[in-house]
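Working notes, structure below.
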Amino acid sequence: MPIAYEVLERGVPVYASGGEQVGTVDHVVAAPEEDIFHGLVIRVGDGSRFVAADQVASLHERGVDLRIDADATAALEPPHGGAPAWREREPGVKPGRWQHFVDLFTGKDPRSENWEEEK
């Protein structure tokens, strides 16, 4: 089943358009406050590569499918810019009932995805 970028986890395999595995997910590049998915940074044999959102065909719990082939993936540029956003909890990990109660009691937005405001 397809999933949203917010719950895509590190280490999920990434597959080129030909079906061969070309790497694994390192992290998602997004602007969550505007719900904009910019792309992925993937780990490949010799480092990291940035895959733009328009080159991603689909996101699944157990794999990411790309629109580009293995050769095009190998030719991608390494990522530029800052580090991934810091989270209070890992995506896809449901907080316990106690944490949910604390979040509601303190007024935290229950729809927030555990993103911390950059300072």
A correct Karplus calculation of ³J(HN,Hα) over segment 24-29, with 6.51 cos²θ - 1.76 cosθ + 1.60, θ = phi - 60°, whole Hz and x for Gly and Pro, returns 9, 5, 9, 6, 8, 10
Between Gly39 and residues 5 or more places away or on another chain, the pairs with built amide H atoms under 5 Å apart involve Val29, Ala53
Along segment 41-50, Karplus-curve 3J(HN,Hα) (6.51, -1.76, 1.60; θ = phi - 60°) to the nearest Hz, with x for Gly and Pro, reads 9, 10, 8, 10, x, 10, x, 10, 9, 9
For labels at Arg67 and Asp54 in the simple 7 Å Cα→Cβ model, what's the distance in nm?
0.7
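Laboratory data are not the source of any read-out in this text; all were calculated from the coordinates shown. Keep in mind that what you see is a predicted model, and the values were worked out from it rather than measured. Positions of Cβ are generated from backbone atoms using ideal geometry, with glycine treated the same way; all protein chains shown enter the neighbour counts.
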